[in-house]
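Engineer: Here it is: the structure, laid out below.
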Amino acid sequence: MPENHNGKCKTRRSPYRKKIDELILEGVSSTKIIKEFPELNLNRTNIHNHKNHITLLQNTNDRVNKTIDSLNALDNVIAQSYNNLGKLNTLSPPRAVEVWSNLFLRAIRLKHEITEFKSIEERLEDLLNKIRR
Ligand SMILES: [Zn+2]
């Protein structure tokens, strides 16, 4: 039965978690890691499982960071187009009104689509729970 990243993961519970994560990421062999922490009684399966946990966590972090980047970019577009709309007057070219209001509305809509139902924090929590389960 595959081991999940919950209480059963020996590496996750260990006080050497950070060190072991580093060694795994550096590509140090399982055998070496097992020898370095004899008190943990690790085996190759433990290390292999934890390697998968690290990959899962990294993918989750990447996804969350990309979403946060997108939201920040959209916030900038929204602020910029709102600012430009405020500068327009009756003498402004109709095309400018159209362009900035379309951009403004599209950015708001996209932002809503991304954050719909749940905040980023809640999404992150869901993803982490899936990993921990
Ligand atoms: Zn683990």
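The values are calculated or read from the model by the stated rules, or taken from the named source; none is laboratory data. Computed from a predicted structure; not experimentally measured. Glycine also receives a Cβ, built like all others from the backbone with ideal geometry; neighbour counts cover every protein chain displayed.
Engineer: Could you go through the range 47-56 and let me know if any residue there is more than 21 Å from LYS130 (Cβ to Cβ) and within 16 Å of the ligand (Cβ to nearest atom). Spell out how you get there, then give the answer.
Structural biologist: Just the residues of the range 47-56 that are more than 21 Å from LYS130 (Cβ to Cβ), to begin with: 47.
This time we only want the ones that are within 16 Å of the ligand (Cβ to nearest atom), so: 47.
Checked against the condition, which is being more than 21 Å from LYS130 (Cβ to Cβ) and within 16 Å of the ligand (Cβ to nearest atom), the range 47-56 yields at least one hit.
Engineer: Residue pairs, Cβ under 7 Å, 6 or more apart or interchain, first in the range 3-32 and modelled with pLDDT of 90 or more and among the acidic types (Asp, Glu), second outside any loop (DSSP other than H, G, I, E, B) and away from the ligand (no atom under 13 Å from the Cβ). List them.
Structural biologist: Cβ pairs passing all conditions: none.
Engineer: Take the residues in the range 27-43 that are within 14 Å of the ligand (Cβ to nearest atom) and part of a helix (DSSP H, G or I), then tell me which one is surrounded by the most Cβ atoms within 10 Å (Cβ to Cβ).
Structural biologist: Once the filter is applied, the top-ranked residue is ILE33.
Engineer: Of these, SER70, SER81, which one is in contact with a Phe, Trp or Tyr (Cβ under 7 Å, 6 or more places away or on another chain), more than 18 Å from LYS19 (Cα to Cα) and part of a helix (DSSP H, G or I)? I'd like the intermediate steps shown before the answer.
Structural biologist: On the way: SER70 fails: in contact with a Phe, Trp or Tyr (Cβ under 7 Å, 6 or more places away or on another chain).
Unique residue meeting the criteria: SER81.
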